Structures are given as structure tokens and as C-alpha cells.
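Following: one structure in C-alpha cells, then a few remarks.
What follows draws every value from the coordinates through simple rules; no lab data is involved. Remember, predicted model here, so these are calculated numbers, not experimental data. With ideal geometry, Cβ positions are generated from the backbone for all residues, glycine too; neighbour counts draw on all protein chains shown.
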Amino acid sequence: MSENANNLKQLPLGDWHRSLGARMVPFAGYEMPVQYEGVMAEHIWTRTEAGLFDVSHMGQLQLIGEGAAEALEAITPGNLSALGAGKIRYTLLLAQDGGILDDLMVTNTGDHLYLVVNGATKHDDIAYMRDQLPGSITLNHLEDAALLALQGPKAADALEKLGIDPHEPDWPLPTQLYFMEAGPFLWRGIPLGISRSGYTGEDGFEISVPAEHAQTLAMALLELDEVRPIGLGARDSLRLEAGLPLYGHDMTAATLPVEANLNFALSKARREQANFAGAERVLAQYPDKAEKKRVGLFVDGRQPVREGATIVDASGTAIGNVTSGGFSPTLQRPIAMAYVPTDMSDTGTAITVEQRKKKISCTVADMPFVPHHYHRKSKA
């Protein structure tokens, strides 16, 4: 992390993190808490209890105006115009050649679209959207809002204890939301936007709160026995176990959606319309015609392979690369994500990784590595 410490932005809760003993590091232009008591302990706590993450570096945006969803569909492949009020959709921001500029969550609030984009790309995303969207659509960057994520099997129990009220009497409580649903709420007179979502693979919530009230909310959550603060280190190991790609690492503007193994983000209706940015190039690869593919890897031995390590064939020629890697606290073994030739992407395929001139044996594995525990509606 080479960012100049003098130029780093501060989170609304920066001083509070330091008071909790957090080790702060540069990330996405911000000084961020990487750990408190240790990555392993924080990871396991989130898998068994409830972890509180500060993700206020993420970009929170509003798109306001008639036809906002249809306008955004010009640069995303998601079926956003069919998104019901209170529903969330994961989608991709695509360059004009179909390359992935970012991945994002889009919520239909009922009267506008609420977007959460990655912190490192948010200013580029805003500039691109303003350039591409019609002048009738207003884009607001919610710079005075913090974003907290409460994740883990006891997240709902913890949130219920706070006594958060729905914005309207006949609306559900936050804990009555299902995965990828959201709504407006009130807590001690403070407006909150709460979604049942997250990036750990566990059940949980993301809470948008005015920055001036973020510490009050965070302190109230940490007073609960099941909640502890969790840093960036465990957030990364949790999302890796969940098989979730990190923009800027597991996909970039040079990556197309099918290569990134994100076919689910190319909705059937939008594939048929084929009217999003780079559609011809993107759909030429659908569903399995890409030359390379993002896969999971089980790594033999105890030594993790890291981003930048090379996938090699029998002759030692580079044929792919590792994009994320680390030790899985849940599985007690090293795991990784990598791009390999599509004809080597089947589960169980033997893969050789070269790292620091050492060859390491790996096997293509199904993702997620650890099953997701999202709170979904029963299909019964």
C-alpha cells in the first residue's frame, strides 16, 4: 500500500477506530482500520457472532429523475427497470468496450435509485456516469453519509435489540427484510437506510447513517455482547472464502463479465435487448466462449499463493495469474482466485502456480469455498 499518508482521507469514525486500538493502513485513498485484535480472531468472530465493519470509504450515490433505471441500463447489464421498490440488484458498470469499470449495488428506494460503488473507483464512476447519463438525471454523491456493515449469524439479533423503527407504520422492521431488500428506518430520530446485504457471505446488513450520527450508532452496537469491531483484513479473508471478487484485483477494465465468471449479472432480458455498453463484445463470450475464466483454487500445503503469482503449464509458460489469495481461517488451508484458460476451469483440474520461482500444486475448486448464509425467502 503505497499511498502517501499525508494525502489520505479520514473516515468519519477515524479517531474512534484509533481509540479502540485499531491498526490503521492506507486503502482506497483513506486511512482504514485493518485489524483490532487480529485478523484470524475477527474472521472467526464474524462467522460465529456479529462483526461491525466501517465501509464509509464506499461511494453512496443517488440517481434522481424519471427514467433513471432505464438510463443506467445503458451502461450496466442488469435488468434495473424491472427492479421493484425496496429491492436490490448487483450489477456491473461497463465501459463502452464492455470492460468492467466497477461492480455495484443498485437499490430502488421507490422514488430514486441508491447506488453503492467501490471506494477506490467512486470518483471515476461518478465522472463516467455524469458523462453517459442524460442531463435530466441528477446524480448526488452522499458525502455526508457513513456506511456501516453488521455481518454474521447474530447480526439480526443484534440489530433487533437496538429498537429500530420502520419509517412508516405498515413497513417491515429491518430484521423482517430478506437478502437483497432494503428500506428507510428511524433510530432515536436518526434516519437510516438499511439493506440486508453485505460482502462476507454471511447474513447481515449495511446501514447508511448521517456521518454526524455514525459514532452514536456504532457505540450502541458495540455495547452488545455479540458485536465486535472488524477490520479490512478479516473483510478480505471473509469475501475470499465467499468467492466474491474484489474490484481492482479480481476484475479490472480489461476484464469482461463472462471472463470474470459473472454470467448471472447478464440478465436474460438485457441479453435479448443487447443494448448496453459493449454488448456485442460481451455477448460474443456468453455463456462459455471466453478464452479465460475466474476460478477458485485449493492450494496444496500451508503456504498461501498471493496476487500476482503466475499460472504455468508443463513447460513453465505463463498461462494465467492469481488475483487474490490467502489462508482460509474457516477451512484451515490456503485458497485463491485466479484466471486460467477456460479449458482448464473445470472443478478438480490440476493447476501449477509459480511464486518466487517455486512451483506450487493447486486444484480448481468450486466457489464459494464456504457456503453462503444469506437470509433468503423460502421457495416452498
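Which residues, counting only those in region 346-375, are in contact (Cβ under 8 Å) with a residue 40 or more places away in the chain and out of contact with any Leu (no Cβ under 9 Å at 6 or more places or on another chain)?
Correct list: Thr352, Glu354, Gln355, Lys359, Ile360, Ser361, Asp366, Pro371, His372, His373, Tyr374.
Kindly indicate whether any position in region 235-246 is basic (Lys, Arg) and closer than 21 Å to Ala71 by Cα.
Checked region 235-246: no residue is basic (Lys, Arg) and closer than 21 Å to Ala71 by Cα.
Which one of these does Met367 not meet: (1) surrounded by 15 or more Cβ atoms within 10 Å (Cβ to Cβ); (2) touching a Cys at 6+ places or on another chain (Cβ under 8 Å)?
Among (1) surrounded by 15 or more Cβ atoms within 10 Å (Cβ to Cβ); (2) touching a Cys at 6+ places or on another chain (Cβ under 8 Å), the lone unmet condition for Met367 is (2).
Which of the strands (runs of 3 or more DSSP E) contained wholly in region 291-338 include at least 3 residues that are among the aliphatic types (A, V, I, L, M) and crowded, with 20+ Cβ neighbours inside 10 Å?
Once the strands (runs of 3 or more DSSP E) in region 291-338 are filtered for at least 3 residues that are among the aliphatic types (A, V, I, L, M) and crowded, with 20+ Cβ neighbours inside 10 Å, what remains is 292-299.
Would you pick out the residues in region 202-212 that are of a type outside the set (Ser, Thr, Tyr) and within 24 Å of the chain's Cα centre (by Cα)?
Glu202, Asp203, Gly204, Phe205, Glu206, Ile207, Val209, Pro210, Ala211
Going by what's in this entry, would Glu70 be described as out of contact with any Cys (no Cβ under 8 Å at 6 or more places or on another chain), free of Cβ contacts under 8 Å to residues at least 60 places away in the same chain, within 23 Å of Ser267 (Cβ to Cβ) and surrounded by fewer than 16 Cβ atoms within 10 Å (Cβ to Cβ)?
Judged against the criteria, Glu70 is a match.
Condition first: out of contact with any Gly (no Cβ under 9 Å at 6 or more places or on another chain) and among the hydroxyl-bearing types (Ser, Thr, Tyr). Can you find one or more residues in region 358-369 that meet it?
Checked against the condition, which is being out of contact with any Gly (no Cβ under 9 Å at 6 or more places or on another chain) and among the hydroxyl-bearing types (Ser, Thr, Tyr), region 358-369 yields no hits at all.
Looking only at region 232-270, filter to residues that are in contact with a His (Cβ under 9 Å, 6 or more places away or on another chain) and in a loop (DSSP other than H, G, I, E, B); which one of those is farthest from Ala365 (Cα to Cα)?
My answer is Ala242.
Would you confirm whether any residue within region 19-34 is under 27 Å from Ala254 (Cβ atoms), in a loop (DSSP other than H, G, I, E, B) and of a type in the set (A, V, I, L, M, F, W, C)?
Within region 19-34 (the criterion being under 27 Å from Ala254 (Cβ atoms), in a loop (DSSP other than H, G, I, E, B) and of a type in the set (A, V, I, L, M, F, W, C)), the answer is yes, since at least one residue qualifies.
Report, by residue number, each residue of region 293-326 that is among the aliphatic types (A, V, I, L, M), under 21 Å from Val258 (Cα atoms) and touching a Lys or Arg at 6+ places or on another chain (Cβ under 8 Å).
Selection gives Val322 alone.
Determine, yes or no, whether Lys122 is of a type outside the set (Val, Ile, Thr) and within 16 Å of the chain's Cα centre (by Cα).
Answer is yes for this residue.
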